[in-house]
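Peer 1: Below are the structure tokens for one structure; questions will follow.
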Amino acid sequence: MGVSVAVATYKSDDYLKQQLASILKQLGPEDELVISTNTEKEREEQITSHPEEGMPVIKMEYCTEIGIIPNFENAIRHCTKSIIFLSDQDDVWADNKVAKVMECFEKDNSIMVLHNCEYTDAEMNDLNQNLFDDRKVKEGHYHNLLTNGYQGSCIAFRRDLVPMIIPMPRDIAMHDQWIGLLAEKAGKISFCPDILMKYRRHDGAASAGRVPLGKKLSWMALLNYHLIRREQEQLNYLEYLRGAYLPKKKKVK
């Protein structure tokens, strides 16, 4: 199975080059790196415009619509391989991330894999906290509607899921929560407790915990509305996915 890595960038900083290096050394010529950018296109092109022999295909895709949701949607639309990894622009992947995640897909026939990560500050100093403990990660619609455990840079999913998740509503709060909750409806999700990435938490990073309760409840209601609509619109395709990626129930004798 080939791998696509979908990267969304906006006003990229010095962390991007370090991040791309941690990704590219895990990919082969049968894989691809798809970078969607709103700005500074020329700078990213300088970083990625000289592929070496044996390296994956690198594609730059400019996104005219501003925002993280359209940016990731643009990257995903241009992915062509069987498995799609999402990546922010400043995290660092563990050397065995791709191999470990691919093992989960093959072992469990999952439609999506979520792995653990460790939190660091901007300078990569360990904050002694990880995603699974911080967000009490587990499957469940209402649990992840209230506290999203589907950290985008820690998920990978089968390209078969793309018709369910695209187009993404522009008035939802987070693209990763949308993808994770739809994946729950479509098939099995594998949860890998291994630390496979360092996740930078910047001082200015937004936190759902700081959102006023009224606004958070409004976002949850709106997201749930869009999820129900998408399920209704794609019911036949959803049944196909469930047949392919949900564990078969054993017949009772």
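The values are calculated or read from the model by the stated rules, or taken from the named source; none is laboratory data. Just so it is clear, the model here is predicted, and its values are computed rather than measured. Note: ideal-geometry Cβ built from the backbone for every residue, glycine included; neighbour counts use all protein chains shown. Just the protein is used for accessible areas: all its heavy atoms, side chains included, with ligands, DNA and RNA removed. Shrake-Rupley method; radii C 1.70, N 1.55, O 1.52, S 1.80 Å.
Peer 1: Want the number for THR39 to LYS25: 0.36 nm per residue separation, take away the alpha-carbon distance, what's left?
Peer 2: Computed gain between THR39 and LYS25 is 2.5 nm.
Peer 1: Of all beta bridges DSSP finds with both residues in the chain, what is the antiparallel percent, to the nearest 5?
Peer 2: That works out to approximately 30 percent antiparallel.
Peer 1: Give, as a single signed number, the net charge of other residues whose beta carbon lies under 15 Å from the beta carbon of LYS138, with Lys and Arg counted +1 and Asp and Glu -1.
Peer 2: For residues surrounding LYS138, the net value is -1.
Peer 1: How do the peptides 72-78, 14-20, 146-152, 175-181 rank, highest first, by the average count of neighbouring beta carbon atoms within 10 Å per residue?
Peer 2: 175-181, 72-78, 146-152, 14-20
Peer 1: Excluding ligands and nucleic acids, what accessible area in Å² is computed for ASP171 using a 1.4 Å probe, to the nearest 10?
Peer 2: 80 Å²
Peer 1: Distance cut-off 18 Å, Cα to Cα: go down the list LYS185/LYS248; LYS107/LYS198; LYS100/LYS136 and report the pairs above it.
Peer 2: Long pairs (Cα-Cα over 18 Å): LYS107/LYS198; LYS100/LYS136.
Peer 1: So, one more: State in Å² the accessible area per residue of the chain; use a 1.4 Å probe, count heavy atoms of protein chains only, and round to the nearest integer.
Peer 2: It amounts to 50 Å² per residue over the chain.
Peer 1: ASP31: net charge of surrounding residues, Cβ under 12 Å, Lys/Arg +1, Asp/Glu -1, itself excluded?
Peer 2: That works out to +1.
Peer 1: So, with a 1.4 angstrom probe, what is the percent of accessible area on the stretch 45-193 that is carbon and sulfur?
Peer 2: About 47 percent, which is the carbon plus sulfur part of the accessible surface.
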